[in-house]
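Input: a single structure, listed below in structure tokens.
The values are calculated or read from the model by the stated rules, or taken from the named source; none is laboratory data. None of these values were measured; they are calculated from a predicted model. Virtual Cβ from ideal backbone geometry, glycine too; neighbours counted across all protein chains shown.
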Amino acid sequence: MIAQTAEVREAHRFDTAALERYMRARVEGFSGTLEVRQFLSGRWGGQSNPTYHVSAGGREYVVRRKPPGKLLPSAHAVDREYRVITALGRAAFPVPRTFALCEDDSIIGTAFYIMECVHGRVFADVTDPGLTRGERRLICESLGDVLARLHTCDWQALGLADFGRPGNYFARQLHRWTQQYRASETEKIESMERLIQWLTEHVPPDDETALVHGDFRLGNMIIHPTEPRVVAVLDWELSTLGHPLADLAYYCMWTYRLTREFGGLGNLNPVELGIPTEQEYLDTYCQRAGRAAIADWEIWLAFAMFRMAAIWQGIMGRAVAGTANDPNARERGRLAKPAADVAWALVSSRAS
């Protein structure tokens with residue numbers, strides 16, 4: 001039995017025989033009788049799309065589908081995930097091999113795609129006691145290399161020219177997450193108000209376009225079973241065409257800025273952990289991505305924290321409304337204000 005799986009949840013069950021017939025017709029080399037288990041949250045790509053370990057005939061696959069029920073029009077876009085993973089696979093980027101996309105809801109109830117099951121290790125963060133200091137550093141270096149490779153890939157040549165809207169990424173994202181924050185506002189957060197105003201007045205002038213992951217962190221990587229390197233990047237649900245520094249700041253926010261109170265490592269000593277310092281990480285990334293030193297770094301960090309605070313406020317809004325699925329929703333939602341406080345403190349000395 002594969003680790004981190006369980007019996008399929010009642011709400012996420014489907015016609016196994018129908019999936020077996022589909023795979024027999026569409027997946028080359030498929031044979032045998034299908035066995036299905038469900039991955040637990042945090043394994044193989046987040047919590048929003050139900051994900052399954054499927055085995056038959058001595059082979060293993062992963063099936064990722066839209067959840068059942070009424071969904072927002074643009075949410076749970078498994079077709080976008082399949083498209084970007086398939087494109088990156090052709091460029092030898094570390095992603096699982098894809099086999100098929102099914103957008104016919106009549107097969108198992110919702111759209112889904114099938115990819116290979118990549119074996120390896122998944123860590124919530126680099127403090128995992130199973131890692132040595134040397135392994136931690138090499139894993140962080142591997143993440144930096146993978147991120148630079150993603151941001152320098154030719155997304156037009158990969159057929160992804162229409163995968164998002166090139167340009168004006170910072171302003172568009174700021175507007176979007178401000179709207180999300182307002183829609184779920186449960187209290188007046190003064191630091192958030194100041195932060196929104198300040199970010200609106202300090203949109204970075206350089207507007208690059210790259211393929212961005214949207215949730216680039218260690219928990220979304222599969223690390224080689226015995227070697228300290230990334231073998232597959234998972235959870236591409238938020239991927240789009242955007243600014244590469246948004247991805248970089250998001251990763252550094254968790255690793256160097258947000259403290260354990262938020263689930264980050266910011267109050268831990270990177271030297272003691274054996275990982276690169278933030279400046280070392282940035283210098284190595286810039287070298288691999290072929291870019292000069294980063295201007296306005298604090299703005300991008302503040303933007304990443306603002307986005308996270310808006311997400312946490314959305315969780316709190318659902319908790320107050322009684323629609324949250326997470327039993328710890330209120331606890332997570334309470335992080336919105338302190339996260340906004342941290343972000344405002346980061347840029348307040350530059351406020352004008």
Item to check | Failed condition for E190, given (1) buried (at least 16 other Cβ atoms within 10 Å of the Cβ); (2) in contact with a helix residue (DSSP H, G or I) (Cβ under 9 Å, 6 or more places away or on another chain) | outcome: (1)
Item to check | Of residues in the range 18-72 being of a type in the set (D, E, K, R) and within 21 Å of the chain's Cα centre (by Cα), the one modelled with the lowest pLDDT | outcome: R43
Item to check | Condition met for E237 (modelled with pLDDT under 90, surrounded by 14 or more Cβ atoms within 10 Å (Cβ to Cβ) and over 29 Å from E190 (Cα atoms)) | outcome: yes
Item to check | E227, sole failed condition from (1) of a type in the set (D, E, K, R); (2) over 20 Å from the mean Cα position of the chain (by Cα); (3) buried (at least 18 other Cβ atoms within 10 Å of the Cβ) | outcome: (3)
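Return the only residue of W254, W236 being out of contact with any Lys or Arg (no Cβ under 7 Å at 6 or more places or on another chain) and either of a type outside the set (S, T, N, Q) or part of a helix (DSSP H, G or I) (or both).
W236
Please verify whether R121 is in contact (Cβ under 8 Å) with a residue 60 or more places away in the chain, over 18 Å from the mean Cα position of the chain (by Cα) and under 23 Å from H213 (Cα atoms), treating the condition exactly as stated.
No; evaluated as a whole, the condition is false for this residue.
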Item to check | Matching residues, the range 281-327, being over 25 Å from L150 (Cα atoms), over 21 Å from the mean Cα position of the chain (by Cα) and polar (S, T, N, Q) | outcome: T323
Checklist entry - Of the conditions (1) part of a loop (DSSP other than H, G, I, E, B); (2) surrounded by fewer than 19 Cβ atoms within 10 Å (Cβ to Cβ); (3) on the phi < 0 side of the Ramachandran plot; (4) within 16 Å of the chain's Cα centre (by Cα), G219 fails just one. Which one is it? => result (1)
Item to check | From the options R149, R176, R172, R165, residue that is basic (K, R) and at pLDDT 95 or above | outcome: R149
Checklist entry - Can A295 be described as in a loop (DSSP other than H, G, I, E, B) and more than 30 Å from H119 (Cβ to Cβ)? => result yes
Next on the checklist: If the requirement is being without any contact (Cβ under 8 Å) to a residue 12 or more places away in the chain and under 20 Å from the mean Cα position of the chain (by Cα), which of these qualifies: R165, R149, R172, R182?
Outcome noted: R172
Next on the checklist: Of all residues being modelled with pLDDT under 95 and in contact with a helix residue (DSSP H, G or I) (Cβ under 9 Å, 6 or more places away or on another chain) in the range 112-126, which is nearest to N269 (Cα to Cα)? Just the residue, please.
Outcome noted: V126
Checklist outcome for this item: Apart from one, (1) surrounded by fewer than 13 Cβ atoms within 10 Å (Cβ to Cβ); (2) in contact with a Pro (Cβ under 8 Å, 6 or more places away or on another chain) all hold for E135; the odd one out is (1)
Checklist entry - Being buried (at least 22 other Cβ atoms within 10 Å of the Cβ) and within 20 Å of L335 (Cα to Cα), is that true of even one residue in the range 258-270? => result yes
Checklist entry - Quick one: what pairs do we get from the range 219-237, first residue under 18 Å from M115 (Cβ atoms), second polar (S, T, N, Q), C-beta under 7 Å, 6+ apart or different chains? => result V230/S142; V233/N220; L234/N220; D235/N220; E237/S48; E237/N49
